[in-house]
Amino acid sequence: MQVSVENTSALERRMTIGVPAERIETEVNKRLQQTARKAKIPGFRPGKVPMSVIRQRYEDGARQEALGDLIQATFYEAVVEQKLNPAGAPSVEPKTFEKGKDLEYIATFEVFPEFSVAGFESVSVERLSADVADSDLDNMLEILRKQNVRFEVADRAAANEDQLNIDFVGKIDGEAFAGGSATGTQLVLGSGRMIPGFEDGLVGAKAGEERVLNLTFPEDYQNLELAGKTAEFTVTVNTVSAPTLPELNEAFFNQFGIKETGIEGFRTEVRKNMERELRQAIKSKVKNQVMDGLLAANPIDVPKALLENEVNRLRVQAVQQFGGNIKPDQLPAELFEEQAKRRVELGLIVAEVVKQFDLKPDEARVRELIQEMASAYQEPEQVVAWYYKNEQQMNEVRSVVLEEQVVDTVLQKASVTDKAVSYEEAVKPVEAPQAD
């Protein structure tokens, strides 16, 4: 077998492979002999069909099958011989494909980038620290109460935070438009669910009252056909309901499946959940800074095949998350390319750090992480047992732990600044940068 390799770009390789005719004929004859042992042809006993008849009937199919298998086998042999690491399936183009002659074909493919991760010292990390204060806990209890608010019909004018049951019809230039009308819809004033001015225009309204609102859709409204247009909404208020916060009592505690009784037991459990959320938030922010630093310090070329696979994976996730009748391949690839590129680059960099430092998942940390996740459930022991019985789940946890070990490895050399902040600041999501 003859092999030559040409570098056509940083990652693309064009490999020409020649396969001797003798090897091809050997593979063809092998398949014909296998066929002869089981072929059923009228006038001949099984296994007694002359090879000339077998060859006449089955040679073309056997040759095509042999060539396909040989291309697959010789490509693998060639990349091993040349010490190449393909990042995807090759595009194969035959050069010679004639009976009795050597087979020569060209395989074009991308390889994984070869690099060493560097620049750990240039990574800057601000590591937050915080505690759950009693005031934070009090605020959380109020949030939980508001999340479980009940509304009771009230015979008075509507105010912010009231829930209205309304019918409305929206028109643009006197014509109703798609999605601009509804009946019996529930709307909490001040929720920001409707376009600017809609909810404000209903403050002070009473049950049975009709109001006409002249409003303008925002310029950046998601429905481009309505963006920037002025509409008239005729709104009928059916009912006005006032919010009633639930009492902090046993009935309220039971909604959360907390075994401990009394307000102190409930506060203890809520504090535990807040502390768990705090740890995860701090860890996540440190990890994001480390990954951003590694990306900045290690620009690498990304194989198109890996990028395309990641885009397709993100498409599928988007369809699963948002539903609808749309198919993944109907979503524009451009929507996902930036995120896909980041994920592929980080995957390659993290894998290289693991290789460079010969990292292995710390099984003690694996168990600690499983116990941490299980502590959020009512029967944590059962959750732990479930993880250890599911190898796929265990491997996912090990991957998370291995990534944490990568972060720890970088932190040993990175520039780290510790900063004490409030609970609220520590758990607040990092805002995405605004586009220019």
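The values are calculated or read from the model by the stated rules, or taken from the named source; none is laboratory data. Note that the coordinates shown come from a computational prediction; the quantities given were computed from them, not determined experimentally. We place every Cβ from the backbone using ideal geometry, glycine too, and count neighbours over all the protein chains shown.
Surrounded by 16 or more Cβ atoms within 10 Å (Cβ to Cβ), outside the structural domain of N273 (by TED's automatic domain parsing), in a helix (DSSP H, G or I) and not aromatic (F, W, Y): is that true of M194 in this structure?
So M194 fails the test.
E379 - would you say it is loosely packed, with under 12 Cβ neighbours inside 10 Å and among the acidic types (D, E)?
Answer is yes for this residue.
Take the residues in region 19-57 that are buried (at least 16 other Cβ atoms within 10 Å of the Cβ) and touching a Leu at 6+ places or on another chain (Cβ under 8 Å), then tell me which one is nearest to E93 (Cα to Cα). Even if it seems obvious, please write down each step before you answer.
The first filter runs over region 19-57 and keeps only residues buried (at least 16 other Cβ atoms within 10 Å of the Cβ), leaving 19, 23-24, 27-28, 31-32, 35-36, 39, 49, 54-55.
From the residues that got through so far, the ones that are touching a Leu at 6+ places or on another chain (Cβ under 8 Å) too are 19, 23-24, 27, 54-55.
Numbers: V19: 14, R23: 19, I24: 17, E27: 21, I54: 30, R55: 27 Å.
Result: V19.
Taking strands (runs of 3 or more DSSP E) that do not extend beyond region 73-145, which have at least 1 residues that are among the acidic types (D, E), surrounded by 12 or more Cβ atoms within 10 Å (Cβ to Cβ) and not assigned by TED's automatic domain parsing to the domain that holds I349? Steps first, please.
Working: elements: 91-96, 103-110, 124-129.
Once the strands (runs of 3 or more DSSP E) in region 73-145 are filtered for at least 1 residues that are among the acidic types (D, E), surrounded by 12 or more Cβ atoms within 10 Å (Cβ to Cβ) and not assigned by TED's automatic domain parsing to the domain that holds I349, what remains is 103-110.
Which is of a type in the set (V, I, T) and closer than 30 Å to F109 by Cα, of V286, V237, V311?
Values: V286 fails: closer than 30 Å to F109 by Cα; V237 fails: closer than 30 Å to F109 by Cα.
Going through V286, V237, V311 in turn, the sole match is V311.
Output the residues belonging to region 319-339 that are of a type in the set (A, V, I, L, M, F, W, C) and either surrounded by 14 or more Cβ atoms within 10 Å (Cβ to Cβ) or under 19 Å from V302 (Cβ atoms) (or both).
V319, L331, A333, L335, F336
Taking region 194-224, which residues are at pLDDT below 95 and either closer than 21 Å to R150 by Cα or of a type in the set (A, V, I, L, M, F, W, C) (or both)?
L224
Exactly one condition in (1) assigned to a strand (DSSP E or B); (2) aliphatic (A, V, I, L, M); (3) out of contact with any strand residue (DSSP E or B) (no Cβ under 6 Å at 6 or more places or on another chain) is not met by L32; state its number.
(1)
Determine whether A10 is aliphatic (A, V, I, L, M) and either surrounded by 12 or more Cβ atoms within 10 Å (Cβ to Cβ) or within 15 Å of V92 (Cα to Cα) (or both).
Numbers: aliphatic (A, V, I, L, M): yes; either surrounded by 12 or more Cβ atoms within 10 Å (Cβ to Cβ) or within 15 Å of V92 (Cα to Cα) (or both): no.
Judged against the criteria, A10 is not a match.
Each row is one residue, and each column tells you yes or no for (1) closer than 15 Å to F168 by Cβ; (2) outside the structural domain of N273 (by TED's automatic domain parsing); (3) surrounded by fewer than 18 Cβ atoms within 10 Å (Cβ to Cβ); (4) out of contact with any Cys (no Cβ under 9 Å at 6 or more places or on another chain).
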residue: K206; (1), (2), (3), (4): no, yes, yes, yes
residue: R211; (1), (2), (3), (4): yes, yes, yes, yes
residue: L224; (1), (2), (3), (4): no, yes, yes, yes
residue: K229; (1), (2), (3), (4): no, yes, yes, yes
residue: V235; (1), (2), (3), (4): yes, yes, no, yes
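Please verify whether region 14-33 includes one or more residues that are among the basic types (K, R), touching a Phe, Trp or Tyr at 6+ places or on another chain (Cβ under 9 Å) and in the same structural domain as K101 (by TED's automatic domain parsing). Walk me through it before giving the result.
Step one: of region 14-33, the residues among the basic types (K, R) are 14, 23, 30-31.
If we keep only those that are touching a Phe, Trp or Tyr at 6+ places or on another chain (Cβ under 9 Å) too, we end up with 14, 31.
Applying the additional criterion that residues be in the same structural domain as K101 (by TED's automatic domain parsing) yields 14, 31.
Yes, the conditions are met somewhere in region 14-33.
Among I41, I143, which is of a type outside the set (K, R), free of Cβ contacts under 8 Å to residues at least 40 places away in the same chain and closer than 30 Å to P243 by Cα? Reasoning before the result, please.
On the way: I41 fails: closer than 30 Å to P243 by Cα.
The match here is I143.
Condition test on A251, is it without any contact (Cβ under 8 Å) to a residue 40 or more places away in the chain, closer than 30 Å to F266 by Cα and not β-branched (V, I, T)?
yes
Let me spell it out: the conditions are (1) of a type outside the set (K, R); (2) surrounded by 14 or more Cβ atoms within 10 Å (Cβ to Cβ); (3) closer than 19 Å to A118 by Cα, and P299 meets all of them except one. Which number is the exception?
(2)
Return yes or no: is A305 out of contact with any helix residue (DSSP H, G or I) (no Cβ under 8 Å at 6 or more places or on another chain) and of a type in the set (A, V, I, L, M, F, W, C)?
Considered against the rule, which asks whether it is out of contact with any helix residue (DSSP H, G or I) (no Cβ under 8 Å at 6 or more places or on another chain) and of a type in the set (A, V, I, L, M, F, W, C), A305 comes out as yes.
Testing V416 on (1) closer than 29 Å to N139 by Cβ; (2) part of a strand (DSSP E or B), one condition comes back false. Which one is that?
Evaluating V416 over (1) closer than 29 Å to N139 by Cβ; (2) part of a strand (DSSP E or B) leaves (1) as the failure.
For F266, only one of the following conditions fails: (1) surrounded by fewer than 17 Cβ atoms within 10 Å (Cβ to Cβ); (2) outside any loop (DSSP other than H, G, I, E, B). What is its number?
Among (1) surrounded by fewer than 17 Cβ atoms within 10 Å (Cβ to Cβ); (2) outside any loop (DSSP other than H, G, I, E, B), F266 violates only (1).
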